[in-house]
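Notes follow once the structure below has been shown.
The values are calculated or read from the model by the stated rules, or taken from the named source; none is laboratory data. Worth saying up front: this structure is predicted, and the values here are computed from it rather than measured. Every residue, glycine as well, gets a Cβ built from its backbone with ideal geometry; the counts of neighbours run over all protein chains shown. We work out accessible area using only protein heavy atoms, side chains counted, and drop any ligands, DNA or RNA first. Shrake-Rupley method; radii C 1.70, N 1.55, O 1.52, S 1.80 Å.
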Amino acid sequence: MADSPAPDPFAAPPAAETAPIGRNRQFRLLWTCMLVIGAGNSMLLAVAPPLVRELNLGDSSVGWIFSLSALLWVLASPYWGRLSDNVGRKPTIALGLFAYAISMASFGTAVMLGQSGALTGFALFISLVLARSIFGAFGSASSPSAQAYIADRTTAFERTAQLAGLSSAFAVGQAVGPGVCAWLAARFGTVFPIWLVGLLALCASLAILFFLPERTAPHSKRQRASIGQSLALITDRRLSGYLIYGFALSIVAGVTVQVFGLFTMDRLGVSGAAGTQLISYGFMANAMALLFTQLVILPRLKIGPRSLMIWGAAISGASVMMQIFAANFEVLLAAQALLGLGAGLARPGFTGGASVAVDPHEQGAAAGLVVAVNGAGFIFSPLLGGVVYEHFGMNAPLAIVAAVLAFMCTFAAMSRRLRDAVAPPPPPSETPPA
């Protein structure tokens, strides 16, 4: 008789098979760990504009610091998604969180060296870029694996709402991150919150490793997605429409995130700690609106992915126009809240639609591609955001974003590659309710 496989020393007792994924213990753990990533990223985005000016770096360096990381994110995410199909979701989620901890610790160290004068100019800039790139190359393992973990445990009809529930963790992190960052930075210095996020990410990695149950085994070898199959999914008509929309949405996110801080400081004439505070309030308004949309509005809409994509792009376009004509900070806050509302509809629409469009054994590869296009916009944000901002004025990047959103709305309304999810038919042995 063949020896039975040794038990996994890191495996937690499995949850009941009937436990709803949105309300059980493993989902709450996964949600909390994704919260750490969302909070850390929003902290960096809030502190980056005033920080680069404090360190005597150019305004466009805000985007360039994140651009290499975004490129690596795009290239690596499909690989991590495929790997999670082969080795399981838990180890790749834990690896991504551990890499995020290393990235934040390295970034904080580079900032400290810059503030002390030990690193200046190009050497400082490269150090910040490389520190952030650790997240793009290895931290990108967490998101596609987490999405695939949810896809493994949901039906096609409920998947859009459940993925939106997972992404709400990022929204909560984005809501609390800037405020906590401003409060901690004012009391303990700019580097302290960066180091704190690194420590929390390390704890999250260990929590996933020891306490997240992996009751769905990796797919068999005949089902494993190869690199060629993943590349084929890019042009597959089932998925390509969602990827086109998601890529455009990522450009919108990359440019608006980079420009908002600079726009706010220049429009209102503030800088330093005051600038950080106002920028943090704006990002908090955006994230709170996104969270409200995903947790309160979205479950009540009962509309499919295509409709979410249309409305999300249209509302986001209105928010960009509001920012262009904003005369005070109150209007800027309202514009950010409206942008969060649009993103709260658009992102679950294309993410859920892409997941429903592919077969179960393709979920990891598809999730990797979805996560990849989510970060692709940050590759181009230094050019479309920072460089355009410096050379053509503060409204020019927003005009580009408005044009992209108009394309997205039209594409979502007219493309035959997109479809709404429908409820699955009952099994043949069951009679539909009257």
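At a glance:
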{"quantity": "Selection count, the range 271-304, where residues are β-branched (Val, Ile, Thr), open to solvent by less than 20 Å² (accessible area, probe 1.4 Å) and under 17 Å from Gly349 (Cβ atoms)", "calculated": "1"}
{"quantity": "Residue in the range 78-100 that is surrounded by fewer than 24 Cβ atoms within 10 Å (Cβ to Cβ) and at positive phi present", "calculated": "yes"}
{"quantity": "Qualifying residues in the range 224-279 (those that are within 24 Å of Leu45 (Cβ to Cβ) and charged (D, E, K, R)) - the one modelled with the lowest pLDDT", "calculated": "Asp266"}
{"quantity": "Filtered residue count, the range 263-282, keeping only those that are within 21 Å of Glu390 (Cβ to Cβ) and part of a helix (DSSP H, G or I)", "calculated": "12"}
{"quantity": "Residue within the range 277-293 that is under 28 Å from Leu239 (Cα atoms) and β-branched (Val, Ile, Thr) present", "calculated": "yes"}
{"quantity": "Output for the range 37-47, where each listed residue is of a type outside the set (Val, Ile, Thr) and open to solvent by less than 10 Å² (accessible area, probe 1.4 Å)", "calculated": "Gly38, Gly40, Ser42, Leu44, Ala46"}
{"quantity": "Candidate set from the range 379-416 (those that are aromatic (Phe, Trp, Tyr) and within 16 Å of Gly246 (Cβ to Cβ)); member that is nearest to the chain's Cα centre (by Cα)", "calculated": "Phe380"}
{"quantity": "From the options Ala118, Ala110, residue that is among the small types (Gly, Ala, Ser) and part of a loop (DSSP other than H, G, I, E, B)", "calculated": "Ala118"}
{"quantity": "3 or more residues crowded, with 18+ Cβ neighbours inside 10 Å: qualifying helices (runs of 4 or more DSSP H) within the range 305-399", "calculated": "305-324, 329-357, 363-381"}
